[in-house]
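Below you will find the structure I want to go over with you.
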Amino acid sequence: MFSTHNVAGPLTVGQQSHLPYYPLVDTIKLVLRQSYHFKSLYRKVWTAKQKAVAQIYCDLDESYNKVPRLLEALQSCYLGTIVI
């Protein structure tokens, strides 16, 4: 479950610049605006995305450690697949 918090004063670009840019966040913002007529801040969508990833994968580093096994499974299922 997510909660919202008020931030003292408006955020400036300099305060937001520590957040990395992810095109997925812009896509989520667009879907929220088009489907629900809800305008959201990049910071809030980015934070929600991070929380969702944490819930799904528990730990981002742990999920990246699973990639080699997943690629190996892909190779065994689809002969001719080349993993670099």
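Only the coordinates and a few stated rules stand behind these numbers; no lab work does. Just so we're clear, the structure is a prediction, and the values are computed from it rather than from any experiment. A quick note on method: Cβ atoms are made from the backbone with ideal geometry, for glycine too, and the neighbour counts reach across all protein chains shown.
Which order do peptides 42-54, 72-84 fall in by mean Cβ count within 10 Å, highest first?
42-54, 72-84
Right, next: With the cut-off at 17 Å, report for segment 26-84 the share of all Cα pairs above it, as a whole percent.
Numbers: 1013 of 1711 pairs.
That fraction is 59 percent.
What nm distance separates the two modelled labels at Cys77 and Phe38, each placed 7 Å from Cα along Cα→Cβ?
The answer from the label model is 3.2 nm.
Within straight cross-link reach of Lys39, meaning Cα distance under 16 Å, which aspartates and glutamates are found once same-chain residues fewer than 8 apart are removed?
Candidates past the 8-residue exclusion: Asp26.
Given a cut-off of under 8 Å on Cα pairs at least six residues apart, what relative contact order in percent is computed for segment 19-77?
23 percent
Once you have the Cα-Cα distance between Leu70 and Val53, take 0.36 nm times their residue separation minus that, and quote the gain in nm to one decimal.
Once the chain is fully extended between Leu70 and Val53, it gains 4.3 nm.
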